[in-house]
Amino acid sequence: MKAGLLATALLAISFPSASIASAAGIVDRGTPPPVVSKVTGKAKVVSETVADPASAESYWTPARMASAVPADSDPAGSFDVPDLPGAHASAATGDFTPGNVTKFPQVVHGKIFFAVGASNYSCSGTIIDSAKRNVIFTAGHCVFDQETKSFVTNLVFIPGYENQTAPLGVGSAVSLYTTSQWVQSGNQSYDLGVVVLDQPAQKFFGARQIAFDLNPKGLEYTLYGYPSKPNPPYDGEVLRGCHSKFAGRDNNGRNLKPYPIVANPCLMQQGASGGGWVTLGNYVNSVVSYGYCDSAPKTCGFIMGPYFSNAAKALYVKAGGSPAPTVKLRKAPPRVVRKRKVSFVFGGSAATLLGFSCKLDRKRPVPCSARISITRLSPGRHTLRVRAVDQTGRQSRKQIVRSFRVILPRR
């Protein structure tokens, strides 16, 4: 793994909110298109450029790695413990040990080491699909220390870490990002961090996609991390996971909207901080932030993470953002049709949830899903233009252009 540079921030766009059916005669037949929005002014990003990234790798001797303690973001001192629902399953049934950590997808969930002054700490992180292929998502308290009010130093990301070994090499941070809310007040709702590496880790190991603005109700998550507690069974040296479900929001105390989401069952605690919450197959939709287990044992098995919305999107965009999505035409009507309704099916790929922009004839573009019908067609020639759009507003370079003629039988 060798050097990669920080990408410039990408501008996002938004679509008009007009009804698809009434605006263009286009009706969605599949999953509704995902939320596409630009980053608003409330999402302030704070960042730091690392002066000497190469020094971090030499800093981490085996002795320093062994001395690292798990980073903690325990809110018990300043937050009220919430009234959590009863566990819907035994917490022990949620936890598991993933397979070979040098293979995808386990390899994209690595261990993070960093220093604050003379003290050494550890966290977890996940490689996220990005334009420069070098973005790691983690927790805010893994990149910015609240006690010293400063960014951490000597941060490295180690894919495939196991038992004090780095079989696949080490990536050093060249830039660190977090939210202004975390910097200013340590608010748990904004405990988000991003690391830009000095090398394109995604090129070698792959990456998870990322999703914003999901409705968490009913979602299932698989959480990954390197927990050191509770010990036993955890010691921070082996990648762990847990299968969990959405269990509510932590809307108590000083938390701000959007409130952190809660997952259960999951026994992982300190050391798992920053580990990715994976849902809908391959999308990271939160990171491990905190729990109340130490101060309120009845809450053990519940784990909290920030809701991925405007703030998470702002960090992602500022750190380089997404690669351009791709678009494919999977199904289209013939060049000549003899009815007033036609159907299309699109495909493609994106770093985020994938949507499309559909423009019929001279009408305005509207957001659309992968399966659409066009109804109430008039006789004559029609043209549909389609681009793929990701959740940050990034559009595909390629545009699908499909023309067809409607000929209706004489009555």
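The values are calculated or read from the model by the stated rules, or taken from the named source; none is laboratory data. As the structure is a computational prediction, the values presented were derived from the model and not from experiment. All Cβ positions, glycine included, derive from the backbone under ideal geometry; neighbour counts span all protein chains shown.
Taken as a whole, the structure leaves residue 378 outside the set of residues that are assigned by TED's automatic domain parsing to the domain that holds residue 264 and either surrounded by fewer than 17 Cβ atoms within 10 Å (Cβ to Cβ) or acidic (Asp, Glu) (or both).
All conditions but one from (1) under 26 Å from residue 237 (Cα atoms); (2) hydrophobic (A, V, I, L, M, F, W, C); (3) surrounded by 20 or more Cβ atoms within 10 Å (Cβ to Cβ) apply to residue 168; the one that does not is (3). Out of (1) surrounded by fewer than 24 Cβ atoms within 10 Å (Cβ to Cβ); (2) in the same structural domain as residue 175 (by TED's automatic domain parsing); (3) in contact with a strand residue (DSSP E or B) (Cβ under 6 Å, 6 or more places away or on another chain), the odd one out for residue 310 is which? For residue 310, the exception is condition (3).
The rows are residues; the columns are (1) over 10 Å from residue 216 (Cβ atoms); (2) within 15 Å of the chain's Cα centre (by Cα).
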site	(1), (2)
249	no, no
271	yes, no
278	yes, yes
282	yes, yes
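All of (1) modelled with pLDDT of 75 or more; (2) of a type outside the set (Ser, Thr, Tyr); (3) surrounded by fewer than 13 Cβ atoms within 10 Å (Cβ to Cβ) hold for residue 2 with one exception: (1). Among what's in region 124-142 and is assigned to a loop (DSSP other than H, G, I, E, B) and either among the polar types (S, T, N, Q) or out of contact with any Asp or Glu (no Cβ under 9 Å at 6 or more places or on another chain) (or both), pick the residue that is surrounded by the most Cβ atoms within 10 Å (Cβ to Cβ). Here the residue is 134. Restricting the first residue to region 237-261 and requiring it to be in the same structural domain as residue 280 (by TED's automatic domain parsing), which pairs with a second residue that is assigned to a strand (DSSP E or B) and of a type in the set (Ser, Thr, Tyr) meet a Cβ separation below 7 Å and a spacing of at least six or different chains? Listed by first residue and then by second, the contacts come to 239/224; 241/222; 241/224; 243/222; 244/221; 261/286. Does at least one position in region 201-218 carry a residue that is part of a loop (DSSP other than H, G, I, E, B), in contact with an Asp or Glu (Cβ under 9 Å, 6 or more places away or on another chain), in the same structural domain as residue 104 (by TED's automatic domain parsing) and touching a residue at least 40 places away in the same chain (Cβ under 8 Å)? The answer is yes, given that some residue of region 201-218 is part of a loop (DSSP other than H, G, I, E, B), in contact with an Asp or Glu (Cβ under 9 Å, 6 or more places away or on another chain), in the same structural domain as residue 104 (by TED's automatic domain parsing) and touching a residue at least 40 places away in the same chain (Cβ under 8 Å). Among the residues of region 213-236, those identified as closer than 18 Å to residue 71 by Cα and either surrounded by 18 or more Cβ atoms within 10 Å (Cβ to Cβ) or within 18 Å of the chain's Cα centre (by Cα) (or both) are 223, 224, 225, 226, 227, 228, 229, 234, 236. Among the conditions (1) more than 29 Å from residue 131 (Cα to Cα); (2) crowded, with 21+ Cβ neighbours inside 10 Å, the only one that residue 315 does not satisfy is (1).
May I ask you to verify whether residue 223 is of a type outside the set (Ser, Thr, Tyr), part of a loop (DSSP other than H, G, I, E, B) and farther than 25 Å from residue 44 by Cβ? So residue 223 does not fit the description; no.
If you go through region 144-162 one residue at a time, do you hit one that is in contact with a Gly (Cβ under 8 Å, 6 or more places away or on another chain), more than 19 Å from residue 228 (Cα to Cα) and buried (at least 22 other Cβ atoms within 10 Å of the Cβ)? Scanning region 144-162 turns up at least one residue that is in contact with a Gly (Cβ under 8 Å, 6 or more places away or on another chain), more than 19 Å from residue 228 (Cα to Cα) and buried (at least 22 other Cβ atoms within 10 Å of the Cβ).
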